[in-house]
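Q: Here's a structure for you.
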Amino acid sequence: KVLIAYDTLHGSTAETAEFLGKELGRKGHTVDVRHIAEVGDTIDYEMLIIGSPVVVGKWTDNMLSFIQRHHQVISQRQVAIFTTCLASLWGQKAEDVIARYIAPILVEFPGLNPVSIGVFGGVLDFELYTADTKASMQKIAGAHGGPVEGRHDYRDWDAMKRWVNDLNNLLGGK
């Protein structure tokens, strides 16, 4: 039994979590996909998959609080981590994203030893942002030659399928 626990701001990480859950389900696994606010006990799961967007250079505070609350169980389970971010637009590779955004979490929570880390693109959607966030994202995206209006989905669904295949192998390859 697998739990995919995620946090999201504008919905793209939720969509990613749902996609990962469906793909694992197709492989024969029982998968619960839950926003972290809906997660109670985590003890009954063989694997926990934890996902958060990178927001202003870090995972969400809610996700970090979730890890803190469930740290004891998390440290005793197979754990995989995924993140959605737009860093690839600014030229960062997956290894850079892990070093910059994931490694500090692993230092903060020493029992968190992921068996796999997935780094996926996110969605840039200027219509969903507050005025301040929109102005900041326009400045950042524009400085890197990116779009400054509209909705742009940078998720690689095939990469997500490959990651699910890797997770399936870690779970015994149903």
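Q: For Ile67, state whether it is more than 16 Å from Met160 (Cα to Cα) and crowded, with 21+ Cβ neighbours inside 10 Å.
A: Criteria met by Ile67.
Q: Filter the stretch 4-28 down to residues that are more than 15 Å from Ala80 (Cα to Cα), in contact with a strand residue (DSSP E or B) (Cβ under 9 Å, 6 or more places away or on another chain) and in a loop (DSSP other than H, G, I, E, B), then give me how many there are.
A: Of the residues in the stretch 4-28, 4 are more than 15 Å from Ala80 (Cα to Cα), in contact with a strand residue (DSSP E or B) (Cβ under 9 Å, 6 or more places away or on another chain) and in a loop (DSSP other than H, G, I, E, B).
Q: Report, by residue number, each residue of the stretch 120-147 that is in a loop (DSSP other than H, G, I, E, B), open to solvent by 60 Å² or more (accessible area, probe 1.4 Å) and in contact with a helix residue (DSSP H, G or I) (Cβ under 8 Å, 6 or more places away or on another chain).
A: Selection gives His144 alone.
Q: Would you please name the residue that is modelled with the highest pLDDT, looking only at residues in the stretch 85-111 that are surrounded by fewer than 18 Cβ atoms within 10 Å (Cβ to Cβ) and in a loop (DSSP other than H, G, I, E, B)?
A: Residue satisfying both the conditions and the ranking: Phe109.
Q: Can I ask one more? Those residues that are in contact (Cβ under 8 Å) with a residue 60 or more places away in the chain and either open to solvent by 30 Å² or more (accessible area, probe 1.4 Å) or part of a strand (DSSP E or B) (or both), I need them from the stretch 29-49; list them, please.
A: Those that are in contact (Cβ under 8 Å) with a residue 60 or more places away in the chain and either open to solvent by 30 Å² or more (accessible area, probe 1.4 Å) or part of a strand (DSSP E or B) (or both): Glu46, Met47, Ile49.
Q: A follow-up question, please. Only residues that are of a type in the set (S, T, N, Q) and modelled with pLDDT under 85: list them for the stretch 112-163, please.
A: Thr130, Thr133, Ser136, Gln138
Q: Determine, yes or no, whether Val73 is open to solvent by less than 40 Å² (accessible area, probe 1.4 Å), in a helix (DSSP H, G or I) and either modelled with pLDDT under 85 or not aromatic (Phe, Trp, Tyr) (or both).
A: When the stated conditions are applied, Val73 passes them.
Q: Starting from the stretch 161-174, take each residue that is more than 14 Å from Leu20 (Cα to Cα) and list its partners that are among the small types (Gly, Ala, Ser), counting only C-beta distances under 7 angstrom and pairs at least six apart or across chains.
A: Leu170/Ser116; Lys174/Gly28
The values are calculated or read from the model by the stated rules, or taken from the named source; none is laboratory data. If you're wondering where the values come from, they're calculated on a predicted model, not measured in any experiment. Cβ atoms come from the backbone with ideal geometry, glycine included; neighbour counts cover every protein chain shown. Surface accessibility is based on the protein's heavy atoms, side chains included, excluding ligands, DNA and RNA. Shrake-Rupley method; radii C 1.70, N 1.55, O 1.52, S 1.80 Å.
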